[in-house]
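Asks: Right, I'll just put the structure down here and ask away after.
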Amino acid sequence: MVTGDFCPINRIENLITKGNYEAIFNDLLPVLKSSCLALTNMECPLTESGQPINKIGPSLKAAPHAADALSFAGFNLLTLANNHIMDFGIEGLESTINVCKEKYIDWVGAGNSLKSAKKIFYKSIGDHKVAVLNFAENEYSTTNGDYPGANPVDLIENYNDIREARENSDYVLVIVHGGHEMYNLPSPRIKQTFRFFADAGASAIIGHHTHCYSGYEVYKGTPIFYSLGNLLFDYPQRNGLDWNTGYAVEFEVNSKLDFRIIPYMQCADFPGIKLLDLDSKKKFDEAIERLNKIISDDNQLSVEFKYYCHKVKRLYMSFLEPHSFMLLHYLRNRKLFPSLVSKKKKLLLLNLIRCESHRDVIKILLDQKDVQR
């Protein structure tokens, strides 16, 4: 069972503190507990640390005892490669890993160095061996050396790791944290990247990070799910159908990898998860079908992504301000005028450049040919 982003804050945190785990997972609980391997993305560190790192965007964390709810529900593997796992620095990551050890929950996708973050997780299920790899797009959390962090998207390294996993297991699950928040389609680059992982030997590819569900395709026999949405993320500022609807994917490991989708609502007018009723599931199925149709058409997918880029144009162009001019350059070069790029602005620009999804948008918005069209 593979699920999306888990961030146990606000009303969910209150239920966890009270030990009311049944109210959190509700009618998804029997399915979770019946799984030999149940995964979720730990969208924040489990720590009491009060010192966040310097970054742009929210710093998330949850109390360590949130792991009790995961254990109760049957989760036994956490994916840690995401853009928030280092929000509270080395201390936050170390605390999360120590909590996993205490609760006998395995983890994948982060460690005290790139070597440990890249470590492949293996588990035998019946007569088959399953490998799990976890990558994250490059923001504030990823490591590329001998320092702690998340396993980054790096196509060469990712390819080599998938090939290694393929040689040592029967099935390879690749879990990727990336994409564009609140956009329920993959960019053309993400579709190409996920298909590349399939060609490299992945048996299934699953995405999350966008906080809304996306469609899926079966490419050369390999199921690719572009985003599962949130598992549990109680965030009143973002309440709405996209934020509150998600789905889990249950795989059956036999002579082939069969799957079924389990949609639900989470943290809407109630805390926790509820499976969709028949009417809501019908609407969900229709929405998935529309998304799948767009995903299958490269031209339409490109059109939709350019439309999305222009929707967020004001936001991204504001990131790139202020404008510069000759006199300003002259004065700054002679130290007669201070730089308008603050430390915080440098952090923002660095993130726009290194993160693959942010860079996708910037490239389209700065392309004069596209602007003229």
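Asks: Testing Val303 on (1) outside any strand (DSSP E or B); (2) crowded, with 17+ Cβ neighbours inside 10 Å; (3) of a type in the set (Val, Ile, Thr), one condition comes back false. Which one is that?
Replies: Going through the list (1) outside any strand (DSSP E or B); (2) crowded, with 17+ Cβ neighbours inside 10 Å; (3) of a type in the set (Val, Ile, Thr), Val303 breaks only (2).
Asks: With a cut-off of at least 2 residues that are in contact with a Pro (Cβ under 7 Å, 6 or more places away or on another chain), name the helices (runs of 4 or more DSSP H) lying wholly within segment 74-179. Spell out how you get there, then give the answer.
Replies: Values: elements: 89-102, 114-117, 155-167.
Qualifying helices (runs of 4 or more DSSP H): 89-102.
Asks: Moving to a separate point now. Is there any pair with a first residue in segment 82-103 that is within 14 Å of Ala62 (Cβ to Cβ) and a second that is surrounded by 23 or more Cβ atoms within 10 Å (Cβ to Cβ) and of a type in the set (Ser, Thr, Tyr) whose Cβ atoms are under 8 Å apart and which are 6 or more apart or on different chains, and what are they?
Replies: Close Cβ pairs (under 8 Å, with a partner that is surrounded by 23 or more Cβ atoms within 10 Å (Cβ to Cβ) and of a type in the set (Ser, Thr, Tyr)) amount to Asn82/Ser141; His84/Ser141; Ile85/Thr96; Ile85/Ser141; Asp87/Ser141.
Asks: When you go through Ala81, Ala62 one by one, which is the residue that is small (Gly, Ala, Ser), in the same structural domain as Glu137 (by TED's automatic domain parsing), in contact with a Cys (Cβ under 7 Å, 6 or more places away or on another chain) and at pLDDT 95 or above? Working first, answer last.
Replies: Details: Ala81 fails: in contact with a Cys (Cβ under 7 Å, 6 or more places away or on another chain).
Exactly one of Ala81, Ala62 is small (Gly, Ala, Ser), in the same structural domain as Glu137 (by TED's automatic domain parsing), in contact with a Cys (Cβ under 7 Å, 6 or more places away or on another chain) and at pLDDT 95 or above, namely Ala62.
Asks: With Tyr147, Tyr140 as the choices, which residue is of a type in the set (Phe, Trp, Tyr), at negative phi and surrounded by fewer than 18 Cβ atoms within 10 Å (Cβ to Cβ)? Talk me through it step by step, then tell me what you get.
Replies: Details: Tyr140 fails: surrounded by fewer than 18 Cβ atoms within 10 Å (Cβ to Cβ).
Step by step, each of Tyr147, Tyr140 is checked, and only Tyr147 is of a type in the set (Phe, Trp, Tyr), at negative phi and surrounded by fewer than 18 Cβ atoms within 10 Å (Cβ to Cβ).
Asks: Applying the selection to segment 306-315, what residues are more than 21 Å from the chain's Cα centre (by Cα) and either at pLDDT 95 or above or surrounded by 13 or more Cβ atoms within 10 Å (Cβ to Cβ) (or both)? Don't jump to the end; show me each part of the working.
Replies: Taking segment 306-315 and keeping what is more than 21 Å from the chain's Cα centre (by Cα), we get 306-307, 310-311, 313-315.
Within segment 306-315, Lys306, Tyr307, His310, Lys313 meet the criteria.
Asks: Still on this structure, I have one more. Please go through (1) in a helix (DSSP H, G or I); (2) of a type outside the set (S, T, N, Q); (3) surrounded by fewer than 20 Cβ atoms within 10 Å (Cβ to Cβ) for Leu28 and return the number of the only condition it doesn't satisfy.
Replies: Status for Leu28: all satisfied but (3).
Asks: Could you tell me whether segment 250-270 includes any residue that is assigned to a helix (DSSP H, G or I) and in contact with a Phe, Trp or Tyr (Cβ under 9 Å, 6 or more places away or on another chain)?
Replies: Keep residues of segment 250-270 that are assigned to a helix (DSSP H, G or I), which gives none.
No, segment 250-270 contains no residue that is assigned to a helix (DSSP H, G or I) and in contact with a Phe, Trp or Tyr (Cβ under 9 Å, 6 or more places away or on another chain).
The values are calculated or read from the model by the stated rules, or taken from the named source; none is laboratory data. Keep in mind it's a predicted model, so treat the numbers as computed, not measured. Don't worry about glycine lacking a Cβ; one is built from the backbone with ideal geometry, like all the others, and counts go over all protein chains shown.
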